[in-house]
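Please read the structure below before turning to the comments.
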Amino acid sequence: MTTITPYRSTARNARDGFGQLLHAEWTKFRTVRGWVIGMILAVLVTGGLGVLIGKSTVPSCSVQTSSGQSGPVQHGAACSAPAYPLGPGGEPVRDQFYFVRQPLAGNGSITVRVTSLTGRLPGQGAGSAPAVVPWSKAGIIIKDGTRQGSGYAAVMVTGGNGVRMQWNYTGDTPGLPGTVSAARPRWLRLTRDGDTITGYDSADGTHWTRVGAVALAGLPSTVQAGLFVTSPDSAAYSSSLGSGSVNNDPTEATAVFDHVSRTGRWPASAWTGDYLQDSTSMGISGYTPGYHQVAGRFTVTGSGDIAPLIAGALNDGPAITVRDYLLGTFAGLIAVAVAAAMFMTAEYRRGLIRTTLAASPHRGRVLAAKAVVIGSAAFVAGLAAAAAAVLLATEVARGNGSSVFPEPWPTEVRIIAGTAALIAVAAVFTLAIATVVRRSAAAILIVIVTIVIPFVLSAPPGIPAGLTEWLLRVTPAAAFALQQPAPQYYQVQANYIPSSGFFPLAPWTGFAVLCGWTALALVLAGYLLRRRDA
Amino acid sequence: MNVPAAGLTAVGPARARYGRETLHAEWTKLRTVASTGWLLAGAAALTTGVSAAVDAAAACPASGCQPDPAKLSLTGVQAGQAIVVIIAVLAVSNEYSTGMIRITLAAMPRRLAVLAAKATLITGLVVAASAVAVLACLLAGRLILPGHGFTAAHGYPPPTSPALLSLSHGPDLRAACGSVLYLGLIALLSLGVATAVRETAVAIGLVLGLLYAFPVVTSAISNQHWQRHLEQIGPMTAGLYIQATANLRSLPLTPWQGLGVLALWAAGALTIGGLVFRCRDA
């Protein structure tokens, strides 16, 4: 009898670890030319559209003629991008108000009583019924000099929002509610102690409540302190339809102060009245900021605002923001979604899925490996796309001489990295949907309807904001909130609509909505992949 | 000898039958795929649904309505076209993904006749579904908009029109018929692109990217000279001028010229698709 030795392969058993699986999926991804081209296309399209938008910005000094054509650029010294005053936080601000001031050396305090705040709306004569806009402001302020955009803290009465304490343009905290009148006056007090400024309010001048205390870093020893009045533009918004019909008309407010008392060292002998404003802003016809003082009673009239500028074509700030450069993101997202969908559906079409699952019977792990590979590739592509769009477009727009909403660097980083994260998670979402439906057409359809269409409907003005805001809350497109260039301020009335770059959800909340949908789709995909025959 | 003669006499009728049979074959293929019906219904439903939602979110403040009620109540076309694109792309790309194209071309060697038959049928189906959807949109507008300020007090309907969104009012009729034609042309554009690239997902991505890029990008462009030019050449932006019924003077093109731009895009895509289809191995 001869014994037959059975054949034994001398090859070592390969480990079937997750690393092995990742490597296998990565090999599949990088060796299909079309998918890699899709990723490169995403970068090129997003970057290219960004450059196009940057290139087409209007030089700030060009003349818009009545026919709507942008006129020739006036060359010369006058032609440079207007520098918006920047607040202490780096945001562009409006710093325009009537200031009745005296220098205050060292620590001290100022107390006043406000007995009236009235206003004039556009088109109304001096004799017409007084009316104030809700954010007309009159009160006392301690400010780091009269330079535009310098730091401050103020406590004030408003037209419709009670007593507020505000500081450094973006800070805002409420005090006593209700409007001011001779029968219901408001007492206000600001004290300075080193860098800390504390605001108090009172209804009777004896019982005081602390409204807030803020630390203004780098406040000089001598500051300007006194009374101020300002009144923002009354906006006749038709924000439901973003197109046209927005009238930002200036308004004027007048306030009466008395019982002005001060402690500390006030070296000047008399009050100085100043209308602080940006050098580029034009005078407002028919309005006369100023003050007069009769026996301790100050009547101050002012117009403007002390607040952050709000970006967007319908608002008073710069029309173009970094977010506009990234409008091409949706096209890049389509390219990435096509690659992500085919990364799964091609397995079914070619029958490769049977080989894949024979090699790695843990189906959940196959899905996880694919998600990691496509997510990482999409993140890298998205990062390159967003960085290219923002950096190139900013450069091109600067060369055009146009002004862009200046962005503090953490916001810019959040926008660029957020765009990459948005594209990466959207790719994983597409992969999960493709696993569920197993057809490219159906997967792409779902992604287009849930992510691209809500975004496309919200980007140009014209669709009622109520609808687009709802879509940007519930659909995965909510993640576009990551591109929001500036926060919405409760204390500034403006057109906070999606087409101007204001999303109904906070940036990371919007991203969480996309992540939630993606998690749901992944769970469903994992379940079906395990339960169904491949 | 009878045989050659019989062969010769058969040429005439056979050629006449040829076109009809190609159409019939394509119709059988389209009709028997479950997705065609679902997608057509989906396109109509999405168009109507989005339009109704836009109507319900519209407002006409006392200061006067800016918007154009016909354009407003046909907004859903912007969403519904995505499904129309998919219907048209699938008609071609499905043949490639299943290998059916080789049988089709063996049976019908005249490739352009196959493409023409597909184009005719897809356009016909899309036009029929869009007509239903557009009528439903107008009906929704008529029912919903008066409750949102589009009333006689605000000047709606205009004096020349017998009722709000009435088909007997010239501009409204143009907007309605034009929207149907718009969707038909979108189907032709998609068919051309799909014939050229053959891959479902790629074709859908290309067409939708091309369509949506123009309105999104022009919304951010502050240079009005560029903005007008981009709107004029964009297939979606120019094509949708057909929906305008107010402020026609402010449009960069007349409504029919706008639809003509889209027709040029569709013709270009079909020409390229046809050439590639003819010259390339299937």
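For the reader, a short list of remarks on this structure follows.
- Gaussian network model of chain B, Cα within-10 Å springs - most flexible of B:75, B:237, B:218: B:218
- Comparing mean-square fluctuations of B:96, B:18, B:182 from a GNM of chain B with C-alpha springs under 10 Å, the top value falls on B:18.
- Relative contact order for chain A: 19 percent, from Cα pairs under 8 Å spaced at least 6 residues apart, divided by residue count.
- With Cα atoms as the point set, the radius of gyration and Dmax of the range A:93-308 evaluate to 16.6, 54 Å.
- Set of lysines with alpha-carbon distance to residue B:118 below 19 Å, sequence-local pairs under 8 removed: B:29
- Cα long-axis angle, helix A:33-55 against chain A (0 to 90 degrees, to the nearest 10): 20
- Annotation note: trypsin sites (Lys or Arg not before Pro) in the range A:436-534 located in DSSP loop regions with a Cβ neighbour count of at most 12 within 10 Å are A:532.
- The range A:302-366 versus the range B:130-196: alpha-carbon centroid distance in Å: 32
- Across the protein assembly as shown, Cα-Cα pairs more than 41 Å apart make up 46 percent of the total.
- Crossing angle, helix A:465-474 versus chain A [Cα axis fit, 0-90 degrees, rounded to tens]: 50
- Principal semi-axes in Å for chain B [√(5λ), Cα gyration tensor, largest first]: 41, 20, 17
- When the chymotrypsin sites (Phe, Trp or Tyr not before Pro) in the range A:188-228 are filtered for DSSP coil states and for at most 16 other beta-carbon atoms within 10 Å of their beta-carbon, the remaining sites are A:208.
- Sequence-distant contacts, meaning Cα pairs under 8 Å at least 6 residues apart, place the relative contact order of the range B:49-189 at 38 percent.
- Residue (of A:152, B:86, A:315) at the positive-pole extreme of the protein assembly as shown, dipole from beta-carbon charges: B:86
- Label-point gap, in nm, between residue A:4 and residue B:108 - each point 7 angstrom along Cα→Cβ: 5.8
- Given charges at Cβ of Lys, Arg, Asp, Glu: the range B:19-279 dipole, positive-most of B:128, B:54, B:217: B:128
Here, each number is a calculation from the coordinates, and none is a lab measurement. Nothing here was measured: the structure is a model prediction, and the numbers come from that model. Please note: Cβ atoms are built from the backbone with ideal geometry, for glycine as well, and neighbour counts cover all protein chains shown.
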